[in-house]
Amino acid sequence: MKKLKERMDAFSDAVIAIIITIMVLELPLPHHDALSEYLQFGKSIGIFFISFCFVANIWYQHAMLFKDSDTMNDRFSLRSLPFWRS
């Protein structure tokens, strides 16, 4: 089950990386030299930063959970998936 733990850890890292990539791609770039567009861009950067901190915190908590466990069983791997909460 140690291999399952490593694969689940790599999978969760990949999912977090994809989420952060999508967040960056959604940032609206200013198209004109207008103050309002730069203000909107600054607001988007602030929202991105807060969202990044939230996602990074989730990643850190998940990494600490996996660090403390030596092996994984099937029940633990199912509970680590986001749609399984019982």
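Give me a count of the residues in region 62-86 that are farther than 30 Å from PRO28 by Cβ and at pLDDT 80 or above.
Residues that pass the stated criteria total 2.
Could you give every pair whose Cβ atoms fall below 6 Å, whose first residue belongs to region 52-72 and is closer than 21 Å to ILE22 by Cβ, and whose second residue is modelled with pLDDT of 80 or more, counting only separations of at least 6 or pairs across chains?
VAL55/ILE19; TRP59/ILE16; HIS62/SER12
Which pairs turn up if I take residues in region 9-35 that are in a helix (DSSP H, G or I) and look for partners that are open to solvent by 50 Å² or more (accessible area, probe 1.4 Å) and of a type outside the set (Gly, Ala, Ser) with beta carbon separation below 8 Å, at least 6 apart in sequence or on another chain?
Taking only residues 6 or more apart or on different chains, the pairs are SER12/TRP59; ASP13/TRP59; ILE16/ILE58; ILE16/TRP59; ILE20/PHE52; MET23/PHE52.
The values are calculated or read from the model by the stated rules, or taken from the named source; none is laboratory data. Since the model is a prediction, treat every value here as computed from it, not as a measurement. Every residue, glycine among them, receives a Cβ derived from its backbone with ideal geometry; neighbour counts consider all protein chains shown. Areas reflect the complete protein model, heavy atoms only, side chains present, ligands, DNA and RNA absent. Shrake-Rupley method; radii C 1.70, N 1.55, O 1.52, S 1.80 Å.
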